[in-house]
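The values are calculated or read from the model by the stated rules, or taken from the named source; none is laboratory data. Please read all numbers here as calculations on a predicted model, not as lab measurements. Positions of Cβ are generated from backbone atoms using ideal geometry, with glycine treated the same way; all protein chains shown enter the neighbour counts.
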Amino acid sequence: MSVEKTEVLVVGGGQAGIAMSEHLGKAGIPHIVLEKGRIAERWRSARWDSLVANGPAWHDRFPNMEFKADPDAFVGKEAVADYFVDYVKQIKCPIREGVEVTALTRNADAPGFMAETSAGKIEARYVVAATGPFQVPVIPAVVPAGTGITQMHSTAYRNPAQLPEGAVLVVGAGSSGAQIADELLRAGRKVYLSVGPHDRPPRRYRNRDFVWWLGVLGLWDKSAPPEGKEHVTIAVSGAYGGATVDFRNFASRGMILVGRTESFSNGKIQFADDLARNIADGDANYLSVLDEADAFVKRNNLDLPEEPGARTFGPSSPCIDNPIRELDLAAAGIRTIIWATGFATDYGWLKVDAFDSKGKPRHQRGVSTEPGVYFLGLPWLSRRGSTFIWGVWHDAKYIADHISTQKTYLIYNDWADRRR
Ligand SMILES: Cc1cc2nc3c(=O)[nH]c(=O)nc-3n(C[C@H](O)[C@H](O)[C@H](O)COP(=O)(O)OP(=O)(O)OC[C@H]3O[C@@H](n4cnc5c(N)ncnc54)[C@H](O)[C@@H]3O)c2cc1C
């Protein structure tokens, strides 16, 4: 069977792969994008039904195409996927859907790499792994199977009607956990929410969305999480028109907040004694954004309305003041646990020396230590915004530029050879 050849093979046809294609195309670099599912598959099949973008349409997009929506609206997940389908057409992205890369190895006796795919072999000089920041759902080994409790990861959650009757424990209070818990509460479920360390910026302050504030304050561009905050998740929501995630408000509406989920024995689940601290730290993060925003307004003499009420928190609740440390799941009527506990990566197909001892890609701004290999879309690849739609576009530009530069050396080499 003949082997197809290209210059750059991009693996993954989500926003990262598509952004990569746009910049490679602009640089005139031949490439192919392979996607094992459909374009932006994870927006379609790895998210719950009611999910809307966490950022408004004017912000959570690529620079060269607007959403067909009110710029201040939070568009639904299907519309996000449709946007990328339209984008593929706009840039004439050479994407092939339904083609999985099963293995990629460095050629032994020729430059570049050989990819084994579900549709044959492809040889490429460079490879960009754009297979996502959130690939493999992680469920901590706390509650064993066989307890009669339905357990699922947030990627498997679709809507309240899908769950067995009864109370639900949601573990994780990042954007996914907070939004799913809120949806279940609104659907009339009894909800327990296990709250770990989190940031919770104000949705809007002084007439501007938090995405604007994080932008002008340079917080999206931070190159690494602050020391000790590596595992702090961000709790934001565009649901129901967008509102600040406020755990006190959840509790006042009947949600039972508990600390970080720690262990399980004899039908009982144990929670850490950290609820009050996690809420206080979340509040401190919220207030720090207000402080920085106020200072920015003053420094730049902006005419944005003051909002002193934003500093007033709602009342506490008994579940916060006297947190439950141990819960008998059966007695509490909990029939379902939803683990909104994050993701791992799986680069089993990428058989090159580009990983550290923990299996994490070794790279700088996506340029791997293994020449010719690139990673795109990973958390903090170059900055806080790297996993976001608009952020990955800029990271892709950097990688395309790097590939262009590498190609310049090859072109010079050919030229120098001919001169000899
Ligand atoms: C619940 C949730 C909400 C989010 N909301 C927002 C938001 O509002 N705004 C925002 O900017 N970001 C948001 N994000 C973050 C980010 O935008 C998404 O995670 C996005 O899907 C990442 O895009 P990606 O292209 O990097 O990866 P993915 O979308 O994961 O795309 C990778 C693609 O690679 C394919 N693939 C994997 N392995 C192979 C293989 N071996 N061969 C071929 N194809 C392969 C997969 O099928 C997949 O389609 C959200 C994330 C989550 C989890």
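Values as computed for the structure displayed
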| quantity | calculated |
| --- | --- |
| Cβ-Cβ under 7 Å pairs, at least 6 apart or on other chains, the stretch 112-130 side farther than 20 Å from residue 19 by Cβ and assigned by TED's automatic domain parsing to the domain that holds residue 377, far side of a type in the set (Asp, Glu) and within 14 Å of the ligand (Cβ to nearest atom) | 117/100; 118/100 |
| Residue list for the stretch 346-361, filter: near the ligand (Cβ under 10 Å from one of its atoms) and either in contact (Cβ under 8 Å) with a residue 60 or more places away in the chain or in contact with a helix residue (DSSP H, G or I) (Cβ under 7 Å, 6 or more places away or on another chain) (or both) | 346, 347, 349, 350 |
| Residue in the stretch 286-298 that is in a strand (DSSP E or B) and under 20 Å from residue 321 (Cβ atoms) present | no |
| Verdict on residue 70 being under 23 Å from residue 180 (Cα atoms), among the charged types (D, E, K, R) and more than 10 Å from the ligand (Cβ to nearest atom) | no |
| Restricting the stretch 127-159 to residues that are away from the ligand (no atom under 16 Å from the Cβ) and either of a type in the set (Val, Ile, Thr) or buried (at least 20 other Cβ atoms within 10 Å of the Cβ) (or both), the residue that is farthest from residue 333 (Cα to Cα) | 142 |
| In the stretch 242-262, the residues that are surrounded by fewer than 20 Cβ atoms within 10 Å (Cβ to Cβ) and among the polar types (S, T, N, Q) | 244, 249, 252 |
| Top-ranked residue of the stretch 391-420 - restricted to ones that are at pLDDT 95 or above and among the hydrophobic types (A, V, I, L, M, F, W, C), ranked as farthest from the ligand (Cβ to nearest atom) | 403 |
| Selection count where residues are surrounded by fewer than 14 Cβ atoms within 10 Å (Cβ to Cβ), part of a loop (DSSP other than H, G, I, E, B), within 11 Å of the ligand (Cβ to nearest atom) and among the aliphatic types (A, V, I, L, M), scope the stretch 74-119 | 1 |
| Any hit, the stretch 315-333, residues being within 12 Å of the ligand (Cβ to nearest atom) and touching a residue at least 60 places away in the same chain (Cβ under 8 Å) | no |
| Qualifying residue in the stretch 52-61 (condition: surrounded by 19 or more Cβ atoms within 10 Å (Cβ to Cβ) and more than 9 Å from the ligand (Cβ to nearest atom)) | yes |
| Test: residue in the stretch 177-200 that is polar (S, T, N, Q), farther than 24 Å from residue 296 by Cα and either within 16 Å of the ligand (Cβ to nearest atom) or in contact with a helix residue (DSSP H, G or I) (Cβ under 7 Å, 6 or more places away or on another chain) (or both) | yes |
| Condition check for residue 48: within 30 Å of residue 9 (Cα to Cα), within 12 Å of the ligand (Cβ to nearest atom), of a type in the set (Phe, Trp, Tyr) and touching a Lys or Arg at 6+ places or on another chain (Cβ under 6 Å) | no |
| Of the criteria (1) surrounded by 13 or more Cβ atoms within 10 Å (Cβ to Cβ); (2) within 24 Å of the chain's Cα centre (by Cα); (3) not basic (Lys, Arg), which one residue 71 fails | (1) |
| Matching option when the condition is touching an Asp or Glu at 6+ places or on another chain (Cβ under 9 Å) and in the same structural domain as residue 185 (by TED's automatic domain parsing), among 314, 366, 385 | 314 |
| Strands (runs of 3 or more DSSP E) enclosed by the stretch 324-420 - at least 2 residues per element that are surrounded by 15 or more Cβ atoms within 10 Å (Cβ to Cβ) | 334-339, 373-375 |
| Condition broken by residue 239, with the remaining ones in (1) surrounded by 17 or more Cβ atoms within 10 Å (Cβ to Cβ); (2) closer than 27 Å to residue 302 by Cβ satisfied | (2) |
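Yes/no per residue for (1) surrounded by fewer than 24 Cβ atoms within 10 Å (Cβ to Cβ); (2) more than 21 Å from residue 220 (Cα to Cα); (3) among the polar types (S, T, N, Q):
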site	(1), (2), (3)
21	no, yes, yes
36	yes, yes, no
45	yes, yes, yes
67	yes, yes, no
